[in-house]
């Protein structure tokens with residue numbers, strides 16, 4: 001990863017390298033930061049210890065996940081966290097704890113989307129999360145941290161055709177197109193029937209642009225730095 005990051009920054013010094021490769025040691029995070037990585041996305045998933053234990057094997061702990069997030073911020077990364085609305089065993093109280101944690105942590109980006117089951121996981125029989133509850137959570141995040149980068153997730157568009165448009169209208173200010181080659185997309189399918197999987201990168205961008213124009217917005221490609229990131 002260090003070699004890849006360094007090569008990208010050498011060829012494209014103006015770009016922001018964003019990583020999302022899970023829990024690692026502080027030393028590992030530091031080495032990648034020193035190589036040129038600037039952002040790191042790591043869902044906290046839930047701020048409730050009991051809920052976290054129901055979603056993960058015993059070797060993973062909420063304490064270590066939170067440690068990773070604080071390590072990343074202390075090193076100097078622009079940090080993103082988030083959760084899935086309607087994830088298995090989640091309660092309204094869990095969502096309230098998520099809001100409290102994010103309000104205290106104040107990440108640069110918050111990723112919130114509805115839970116979508118995958119047919120090859122232990123959670124395959126759970127229902128998908130509510131779009132309405134997701135939109136409410138997104139709106140609360142926009143009010144709580146006005147300058148945060150807030151994606152209208154692909155999961156929103158998968159659960160409901162106009163989900164990403166509704167996300168933008170609820171306060172989202174980021175759209176993430178899928179630019180990876182069609183031949184590799186099925187290798188990291190996080191849930192079934194993911195929207196846009198069959199679109200080429202160009203077709204996907206055009207579709208997103210048309211969706212945003214339909215609700216009165218124009219897509220702009222850029223680093224997406226918020227005022228707090230530039231300080």
Among 155, 206, 202, which is the only one that is at pLDDT below 95, in contact with a strand residue (DSSP E or B) (Cβ under 6 Å, 6 or more places away or on another chain) and in a helix (DSSP H, G or I)?
155
Out of the residues in the stretch 18-35 that are surrounded by fewer than 19 Cβ atoms within 10 Å (Cβ to Cβ) and touching a strand residue (DSSP E or B) at 6+ places or on another chain (Cβ under 8 Å), state the one that is farthest from residue 149 (Cα to Cα).
20
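For the stretch 9-22, what are the residues that are under 19 Å from residue 221 (Cβ atoms) and either assigned to a loop (DSSP other than H, G, I, E, B) or in contact with a helix residue (DSSP H, G or I) (Cβ under 9 Å, 6 or more places away or on another chain) (or both)?
Going residue by residue through the stretch 9-22, those that are under 19 Å from residue 221 (Cβ atoms) are 9, 11-18.
Those that are under 19 Å from residue 221 (Cβ atoms) and either assigned to a loop (DSSP other than H, G, I, E, B) or in contact with a helix residue (DSSP H, G or I) (Cβ under 9 Å, 6 or more places away or on another chain) (or both): 9, 12, 13, 14, 15, 16, 17.
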Selection from the stretch 1-42 of residues farther than 15 Å from residue 77 by Cβ and within 21 Å of the chain's Cα centre (by Cα) yields 15
Could you please give the count of residues in the stretch 133-149 that are surrounded by fewer than 21 Cβ atoms within 10 Å (Cβ to Cβ) and within 19 Å of residue 88 (Cβ to Cβ)?
1
Checking the conditions here, which among 117, 88, 122 is touching a helix residue (DSSP H, G or I) at 6+ places or on another chain (Cβ under 9 Å) and assigned to a loop (DSSP other than H, G, I, E, B)?
88
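Could you list all residues from the stretch 44-58 that are in contact (Cβ under 8 Å) with a residue 24 or more places away in the chain, part of a helix (DSSP H, G or I) and either in contact with a strand residue (DSSP E or B) (Cβ under 7 Å, 6 or more places away or on another chain) or buried (at least 20 other Cβ atoms within 10 Å of the Cβ) (or both)?
Quick first cut of the stretch 44-58, residues in contact (Cβ under 8 Å) with a residue 24 or more places away in the chain only: 44-48, 51, 54-55.
Remaining after also requiring part of a helix (DSSP H, G or I): 51, 54-55.
Listed by number, the residues that qualify are 51, 55.
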Which residue pairs have Cβ atoms under 8 Å apart, sit 6 or more places apart or on different chains, and have a first residue in the stretch 142-161 that is in contact (Cβ under 8 Å) with a residue 60 or more places away in the chain and a second that is part of a helix (DSSP H, G or I)?
147/227; 147/228; 148/141; 148/142; 155/163
Can you find even one residue in the stretch 44-58 that is at pLDDT 95 or above and within 22 Å of residue 224 (Cβ to Cβ)?
yes
Testing residue 118 on (1) closer than 20 Å to residue 102 by Cα; (2) surrounded by fewer than 20 Cβ atoms within 10 Å (Cβ to Cβ); (3) in contact (Cβ under 8 Å) with a residue 60 or more places away in the chain, one condition comes back false. Which one is that?
(1)
Residue 72, sole failed condition from (1) more than 16 Å from residue 134 (Cα to Cα); (2) in a loop (DSSP other than H, G, I, E, B)
(2)
Mind checking which residues of the stretch 209-226 are buried (at least 16 other Cβ atoms within 10 Å of the Cβ) and modelled with pLDDT of 90 or more?
211, 212
Scan the stretch 129-138 and tell me whether some residue there is over 24 Å from residue 57 (Cβ atoms) and part of a loop (DSSP other than H, G, I, E, B).
yes
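The values are calculated or read from the model by the stated rules, or taken from the named source; none is laboratory data. As the structure is a computational prediction, the values presented were derived from the model and not from experiment. No Cβ is skipped: glycine too gets one built from the backbone with ideal geometry, and neighbour counts run over all protein chains shown.
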